[in-house]
């Protein structure tokens, strides 16, 4: 197989690898983000129930720090959805006021939670903390002032498990597609490249017979016909002149 | 001799085949992904529907708990509407009584769903309310059914319909990106065909054509070049061999004639005379022997610049669609400066360093060598991209971006010098076509792929990928020939002097071209494409990938229209019209934003901007040579073009600054309109000055004036 053909096939393989790789990458990340969004929205639905309960309590004049029914409510919601690992409500300074896990009370949440909550343009926010993913809601009072934040923690491994499985399947499908491309495209390329290779072959045959005095090849319709004829004419012309010199020299005794 | 488009026809056929197989492969991957998505996402959406349903059910139970009649509750449909607005994948919601009769319903119900609601099998849900049930597909919806059971009795069933087409919608979003990948793949294919096969092939076939022409003209001196061991190289060796044999025959005959004349008697000499005369005739009309072969770089040497340049420019272009958003993330408050202006600072600083640096970097790269200058530049940029990926805040980001800018300026100027060194007046246009081609392909591929990467991986990993690309360009630069070539006719380039600068700044003709055409065009380009589009598109809820797609539209317009516009403007010799028309078209785009703020309008804005810039860009610099002949004679082409390019690049730096200031006062839409208005007014003023002003007198272009480096 000629080096030019190999090079063209290599181009096809590189492009195929790039395109299929990018497509696999896009599909995988789209799945990951869509799956993550569905799970987050599901957790937020639970959170909105808690948010409504907090606002209802604030509406009747209770202080944010005096919501006695909040912790039992959060514990009930946590039990109802096994995905949720825990719920915390923290104040503006990041200190946990209510939590489904008693040991977390009075502790500070990571600063990334507070900055994520403050950076968000809506009341919903999102953060990641080690093995946990946090979907949060900013809790507001009647005057639309943020009084605290609700954070619902769920396991990253729940998301990762789904992503890894799908990722593997997409990878296998892409690998199969690439193998098919790697087998079929060179065959298709060979069909297309045949004309070019035929032209090159005509040229190669012509130049290998430049010096053996064989009759000129019949025009083949190749792109190089003109060049071959010109080449042969030039060589024939100069060769005849050299032959003429030789004849004249031989004739001189 | 050989059709010029011969190779391109082959390239396009090959690219067509490659694209066809890639499209089929992507179709297979997409089909498979659809199946996997449906299988995995529908159950998770069912769980979400159950959670949402539980929330709705608790509201209903609360109301009935207060004593309201289950069949006559108020506001249930409104609650359903809220559910739809928060969950677009839900297509229908209905509540039935215990017999399956629909009491409340919203959304588009699938056909025969009411009959399904009243099936005894469905109503058994009321008898075993704690038992989990799978969703059932009715028509195009997956129906999730949940019992509504009060402590006293079973009230009814809540049914939520999940639109199965939501998976299609998810994949449709991917499809847009896949389309981008296809376009990028096409350009990538052509670039690779050229890089991996075409450069050598074109060079080989070019060499063959030249050899044939030389022999036709009677030149039989050997080429003295090393032949590559491929098909073309081998056939060139056959021709070399034929030429060598001719030369041997010629030398042998010459020697024999000389010897016979030296050794012969006067009578014998007379006999040798016809042969000697024929030999002399041959010597005069043909050229034999080793001859003086002018040292000339191989065309493949010139082509070798394309890969490192493409990789390097791609590294920078990858960042275009998301850099402003990244800056926004690292923003620190700076007293007295609006955050909007601060976001534009890194882009402005980048452009300013490139603008100021280029006149000096040209001379420097000439002194240290193009290859070394490119290496230094690429190393600096790699460090810059790496630092940008790890930036702590805006201050160190500015430092890293400055390194990137310095590296960019070095590589750009040195690569340009590399092309200049290896071309002469005959093939300089071809050399620059190669140079600009690499940049344009990187401009098409970079922002779109960068946007996709930023959306999926995040900003920092995307900058790390840019660092990797810049590093790859280092590896390609190392493979460039170490020997520096300095054309004998090339005077060393120099930066313009301050006096020349001042004289040109006060020159009406020069400033009409620069101030009314070149600078506004660049201000509009960088202000809109590099600053406003990436920020605005995200502000209206779109993604960085969408910003990348829009920037790709601009680049594609440039790739498609510039060659035609350049040919047409050169042929018609009415370049002023192309410049004015281009400015007016690109200026009109921004006004569309007054009618709608949708991204489709933004698409039209970028399309018109690309079209306008493409029409005017080639004609602009040609007009300098056409209208500023007097200035070029007085100060030299280097100085005139140096100041022109400097001011043009200053426009690049001013674009983001002006755009950000306008955003502070008038918002995004106002900024789009104001920048476009500036270009429109400049276009009209330019047209008027060309028709009636100092530029009116037409100058025939002086062919002796060559356009110096870009």
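Would a scan of region B:343-356 turn up a residue that is at pLDDT below 85 and either in a helix (DSSP H, G or I) or closer than 30 Å to residue B:665 by Cα (or both)?
Among the residues of region B:343-356, not one is at pLDDT below 85 and either in a helix (DSSP H, G or I) or closer than 30 Å to residue B:665 by Cα (or both), which makes the answer no.
For the condition modelled with pLDDT of 90 or more, surrounded by 24 or more Cβ atoms within 10 Å (Cβ to Cβ) and assigned to a helix (DSSP H, G or I), what is the one hit in B:524, B:475, B:513?
Going through B:524, B:475, B:513 in turn, the sole match is B:524.
Going through B:560, B:472 one at a time, which residue ends up being within 30 Å of residue A:32 (Cα to Cα) and either touching a helix residue (DSSP H, G or I) at 6+ places or on another chain (Cβ under 8 Å) or free of Cβ contacts under 8 Å to residues at least 40 places away in the same chain (or both)?
B:472
Which residues, taken from region B:454-470, are more than 20 Å from residue B:383 (Cβ to Cβ) and in a helix (DSSP H, G or I)? Give the steps one after another, and end with the answer.
Within region B:454-470, the subset more than 20 Å from residue B:383 (Cβ to Cβ) is B:454-458.
Residues satisfying the conditions are B:454, B:455, B:456, B:457.
Quick check: is even one residue across region B:591-599 touching a residue at least 40 places away in the same chain (Cβ under 8 Å) and under 24 Å from residue B:690 (Cβ atoms)?
yes
Would you mind telling me which numbered condition in (1) farther than 30 Å from residue B:537 by Cβ; (2) surrounded by fewer than 20 Cβ atoms within 10 Å (Cβ to Cβ) residue B:638 fails?
Just one mismatch for residue B:638, condition (2).
Is it fair to say residue B:432 is modelled with pLDDT under 85, at negative phi and part of a helix (DSSP H, G or I)?
Spelling it out, residue B:432 is indeed modelled with pLDDT under 85, at negative phi and part of a helix (DSSP H, G or I).
Please specify each residue of region A:139-169 satisfying the condition of being outside any helix (DSSP H, G or I) and surrounded by fewer than 18 Cβ atoms within 10 Å (Cβ to Cβ).
Step one: list which residues in region A:139-169 are outside any helix (DSSP H, G or I), which gives A:139-155.
Selection gives A:140, A:141, A:142, A:143, A:144, A:145, A:146, A:155.
Of these, A:54, A:46, A:89, which one is at the interface with chain B (Cβ under 7 Å from one of its Cβ atoms), in contact with a strand residue (DSSP E or B) (Cβ under 9 Å, 6 or more places away or on another chain) and more than 30 Å from residue B:235 (Cα to Cα)?
A:46
Under 27 Å from the mean Cα position of the chain (by Cα) and under 24 Å from residue B:350 (Cβ atoms), is that true of residue B:683?
no
Tell me yes or no: at least one residue of region B:658-665 is outside any helix (DSSP H, G or I), touching a helix residue (DSSP H, G or I) at 6+ places or on another chain (Cβ under 6 Å), in the same structural domain as residue B:536 (by TED's automatic domain parsing) and more than 22 Å from residue B:320 (Cβ to Cβ).
No; the residues of region B:658-665 include none that is outside any helix (DSSP H, G or I), touching a helix residue (DSSP H, G or I) at 6+ places or on another chain (Cβ under 6 Å), in the same structural domain as residue B:536 (by TED's automatic domain parsing) and more than 22 Å from residue B:320 (Cβ to Cβ).
Within region B:125-149, track down each residue that is at pLDDT below 85 and either out of contact with any helix residue (DSSP H, G or I) (no Cβ under 8 Å at 6 or more places or on another chain) or surrounded by fewer than 19 Cβ atoms within 10 Å (Cβ to Cβ) (or both). It would help to see each step written out before you state the result.
First pass over region B:125-149, keeping only residues at pLDDT below 85: B:125-135.
Once the filter is applied, which keeps residues that are at pLDDT below 85 and either out of contact with any helix residue (DSSP H, G or I) (no Cβ under 8 Å at 6 or more places or on another chain) or surrounded by fewer than 19 Cβ atoms within 10 Å (Cβ to Cβ) (or both), region B:125-149 yields B:125, B:126, B:127, B:128, B:129, B:130, B:131, B:132, B:133, B:134.
Filter region A:104-132 down to residues that are assigned to a strand (DSSP E or B) and touching a residue at least 40 places away in the same chain (Cβ under 8 Å) and give me whichever is farthest from the other protein chains (Cβ to nearest Cβ). Walk me through how you get there before you give the answer.
Initially, region A:104-132 is screened for residues assigned to a strand (DSSP E or B), giving A:108, A:124-129, A:132.
Filter again for touching a residue at least 40 places away in the same chain (Cβ under 8 Å), leaving A:124, A:126, A:132.
Values: A:124: 11, A:126: 14, A:132: 19 Å.
Selected residue: A:132.
Of B:607, B:599, B:672, B:646, which residue is at pLDDT below 90 and under 30 Å from residue B:176 (Cα atoms)?
B:599
For region A:170-199, enumerate the residues that are within 20 Å of residue B:33 (Cβ to Cβ) and crowded, with 19+ Cβ neighbours inside 10 Å.
Correct list: A:170, A:173, A:174, A:177, A:178, A:181.
Does region B:211-223 hold any residues that are at pLDDT 80 or above and within 15 Å of residue B:233 (Cβ to Cβ), and which are they?
B:211 - this is the single residue of region B:211-223 that is at pLDDT 80 or above and within 15 Å of residue B:233 (Cβ to Cβ).
Just one of B:12, B:8 is closer than 20 Å to residue A:189 by Cβ and either away from every other protein chain (no Cβ under 11 Å) or in a loop (DSSP other than H, G, I, E, B) (or both); which is it?
Exactly one of B:12, B:8 is closer than 20 Å to residue A:189 by Cβ and either away from every other protein chain (no Cβ under 11 Å) or in a loop (DSSP other than H, G, I, E, B) (or both), namely B:8.
Of A:24, A:80, which residue is under 41 Å from the mean Cα position of the chain (by Cα), facing chain B (nearest Cβ under 10 Å) and surrounded by 18 or more Cβ atoms within 10 Å (Cβ to Cβ)?
Within the list A:24, A:80, the selection yields A:24.
Exactly one of (1) outside the structural domain of residue B:626 (by TED's automatic domain parsing); (2) within 26 Å of the chain's Cα centre (by Cα); (3) not in a helix (DSSP H, G or I) is unmet by residue B:482. Its number?
(2)
Residues to consider are B:565, B:571, B:545; find the one that is surrounded by fewer than 21 Cβ atoms within 10 Å (Cβ to Cβ), part of a helix (DSSP H, G or I) and modelled with pLDDT under 90. Break it down into steps so the answer makes sense when it comes.
On the way: B:565 fails: surrounded by fewer than 21 Cβ atoms within 10 Å (Cβ to Cβ); B:545 fails: surrounded by fewer than 21 Cβ atoms within 10 Å (Cβ to Cβ).
Result of the check over B:565, B:571, B:545: B:571.
Just checking, how many residues over region B:236-253 are surrounded by fewer than 18 Cβ atoms within 10 Å (Cβ to Cβ) and either free of Cβ contacts under 8 Å to residues at least 12 places away in the same chain or within 9 Å of another protein chain (Cβ to nearest Cβ) (or both)?
Within region B:236-253, residues that are surrounded by fewer than 18 Cβ atoms within 10 Å (Cβ to Cβ) and either free of Cβ contacts under 8 Å to residues at least 12 places away in the same chain or within 9 Å of another protein chain (Cβ to nearest Cβ) (or both) number 6.
So, residue B:79, is that one touching a residue at least 60 places away in the same chain (Cβ under 8 Å) and touching a helix residue (DSSP H, G or I) at 6+ places or on another chain (Cβ under 8 Å) or not?
no
Mind listing whichever residues of region A:152-189 are over 30 Å from residue B:14 (Cα atoms) and within 7 Å of chain B (Cβ to nearest Cβ)?
Across region A:152-189, the qualifying residues are A:162, A:166, A:169.
Filter region B:586-605 down to the residues that are buried (at least 22 other Cβ atoms within 10 Å of the Cβ) and within 21 Å of the chain's Cα centre (by Cα) and list them by number.
The answer is B:586, B:589, B:602, B:605.
Before we move on, is residue B:198 at pLDDT below 80 and under 30 Å from residue B:445 (Cα atoms)?
Yes.
The values are calculated or read from the model by the stated rules, or taken from the named source; none is laboratory data. Model, not experiment: these values are computed from the prediction. So basically every Cβ, Gly included, is an ideal-geometry build from the backbone, and we count neighbours across all protein chains shown.
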